[in-house]
Amino acid sequence: MTSAEDFDRWYADRAASPLADDLVRRTLGLPPDLDSTSLLGGTGLDEVVAALRLGQGRVLLDLACGRGGYGLEIARRTGCRLVGVDFSAVAVEQARRSSGGGDFRVGTLTATGLSSSSVDAVLVVDAMQFAESKPDALRECLRVLRPGGRLAITCWQPADPQDERVWRRIRELDLARQLPDAGFTDVEVTDRPAWREQEKRMWEEALATDAPDDPAMVSMQQEARSVLAGFDRKRRVLATATRPR
């Protein structure tokens, strides 16, 4: 899936599937009320919260926010104000109906619609690969951040950048090089193999679930077969960086 229309259908199916949501929360160790549409687990979320260095009254942009679950949980923990941006109108509407507040709006990874220097932190969970231009998306993150603001990205990168079996959009990710090129400092890109093993358990359990009449589960099982077939060809990473003062 790459288009907003693809994701609109996917989010509509997911909203109608408590089974899929429960499976993801349980296997990834997420809070029971967090609506996840990504693969960041509870331990990873703890690390992201620490990396963003948010506090009361600060502003977080959850970019490619989906249903808003991660940003809402971070706002609950830190007292920050939340802005969520996603290119799926269906996801944005679902996020707006959540009970946690937040300002959710339609936008893209390269065109958020936000003013320059308007947020204190940017979070991109498992979505940077969808940017047609990774440099443009990173420059957009830099633009909306205030000086000293923090960026956290969770994503996958190829184990071998020359392995053409890995999806092109993931092969294009090289954040250790691309973040400094975009103007960021304090760049750290670290492997998270424990996150990867948690994901593997989730996909394996999805495949073992009998739910032929649940479109969200059928979609998850199709993705699980694809992911597991090339599981060792990708690395799981957490990237953090700062906009210079």
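The values are calculated or read from the model by the stated rules, or taken from the named source; none is laboratory data. Keep in mind it's a predicted model, so treat the numbers as computed, not measured. All Cβ positions, even for glycine, are placed from backbone atoms using ideal geometry, and neighbour counts span all protein chains on display. Surface areas here come from the heavy atoms of the whole protein model, side chains and all, with no ligands, DNA or RNA. Shrake-Rupley method; radii C 1.70, N 1.55, O 1.52, S 1.80 Å.
Criterion applied to Val85, Val90 was being open to solvent by less than 50 Å² (accessible area, probe 1.4 Å), of a type in the set (Val, Ile, Thr), over 27 Å from Pro193 (Cα atoms) and in a helix (DSSP H, G or I), and the one residue passing it is Val90. Pairs are defined by a Cβ separation below 6 Å, a sequence spacing of at least 6 or placement on different chains, a first member in region 1-15 that is over 13 Å from Pro215 (Cβ atoms), and a second member that is open to solvent by 60 Å² or more (accessible area, probe 1.4 Å) and modelled with pLDDT of 90 or more; the pairs so defined are Ala4/Phe87.
Any idea which residue in region 67-77 is nearest to the chain's Cα centre (by Cα), counting only those that are buried (at least 19 other Cβ atoms within 10 Å of the Cβ) and not in a loop (DSSP other than H, G, I, E, B)? So the residue we want is Tyr70. Looking only at region 20-66, count how many residues are acidic (Asp, Glu) and part of a loop (DSSP other than H, G, I, E, B). Residues in region 20-66 being acidic (Asp, Glu) and part of a loop (DSSP other than H, G, I, E, B): 2 in total. Scanning region 216-245 for residues that are part of a loop (DSSP other than H, G, I, E, B) and surrounded by fewer than 18 Cβ atoms within 10 Å (Cβ to Cβ) turns up Gly230, Pro244, Arg245. Do any residues in region 132-148 that are under 16 Å from Asp174 (Cα atoms) have Cβ atoms under 7 Å from those of residues that are in a helix (DSSP H, G or I) and among the hydrophobic types (A, V, I, L, M, F, W, C), where the two are at least six apart or on different chains, and which pairs are they? The qualifying pairs are Lys134/Met128; Pro135/Ala182; Ala137/Met128; Leu138/Leu179; Leu138/Ala182; Arg139/Ala182. From the list Leu61, Leu39, Leu19, the lone residue that is within 18 Å of Arg146 (Cα to Cα), hydrophobic (A, V, I, L, M, F, W, C) and in contact (Cβ under 8 Å) with a residue 60 or more places away in the chain is Leu61. For the subset of region 103-113 comprising residues that are buried (at least 20 other Cβ atoms within 10 Å of the Cβ) and assigned to a loop (DSSP other than H, G, I, E, B), which member is nearest to the chain's Cα centre (by Cα)? Once the filter is applied, the top-ranked residue is Leu109. Within the bounds of region 125-135, is there any residue that is modelled with pLDDT under 95, part of a loop (DSSP other than H, G, I, E, B) and not aromatic (Phe, Trp, Tyr)? Within region 125-135, one or more residues are modelled with pLDDT under 95, part of a loop (DSSP other than H, G, I, E, B) and not aromatic (Phe, Trp, Tyr).
Going by the structure shown, is Arg26 touching a residue at least 40 places away in the same chain (Cβ under 8 Å) and open to solvent by 50 Å² or more (accessible area, probe 1.4 Å)? Here the answer is no, as Arg26 does not meet what is asked. Within region 199-215, the set of residues being open to solvent by 50 Å² or more (accessible area, probe 1.4 Å) and either in a helix (DSSP H, G or I) or not charged (D, E, K, R) (or both) comprises Lys200, Arg201, Glu204, Glu205, Leu207, Ala208, Pro212, Pro215.
To keep it simple, each residue is scored yes or no on (1) in contact with an Asp or Glu (Cβ under 7 Å, 6 or more places away or on another chain); (2) surrounded by 18 or more Cβ atoms within 10 Å (Cβ to Cβ); (3) farther than 23 Å from Arg58 by Cβ.
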{"residue": "Lys134", "(1), (2), (3)": "yes, yes, yes"}
{"residue": "Cys141", "(1), (2), (3)": "no, yes, no"}
{"residue": "Ala152", "(1), (2), (3)": "no, yes, no"}
{"residue": "Glu164", "(1), (2), (3)": "no, no, yes"}
{"residue": "Arg169", "(1), (2), (3)": "no, no, yes"}
{"residue": "Ala176", "(1), (2), (3)": "no, no, yes"}
{"residue": "Ala182", "(1), (2), (3)": "no, yes, no"}
{"residue": "Glu197", "(1), (2), (3)": "no, no, yes"}
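Tell me yes or no: at least one residue of region 95-107 is within 22 Å of Leu39 (Cα to Cα), at pLDDT 95 or above and acidic (Asp, Glu). Taking every residue of region 95-107 in turn, none turns out to be within 22 Å of Leu39 (Cα to Cα), at pLDDT 95 or above and acidic (Asp, Glu). Scanning region 8-19 for residues that are in a helix (DSSP H, G or I) and either of a type in the set (Ser, Thr, Tyr) or open to solvent by less than 20 Å² (accessible area, probe 1.4 Å) (or both) returns Tyr11, Arg14.
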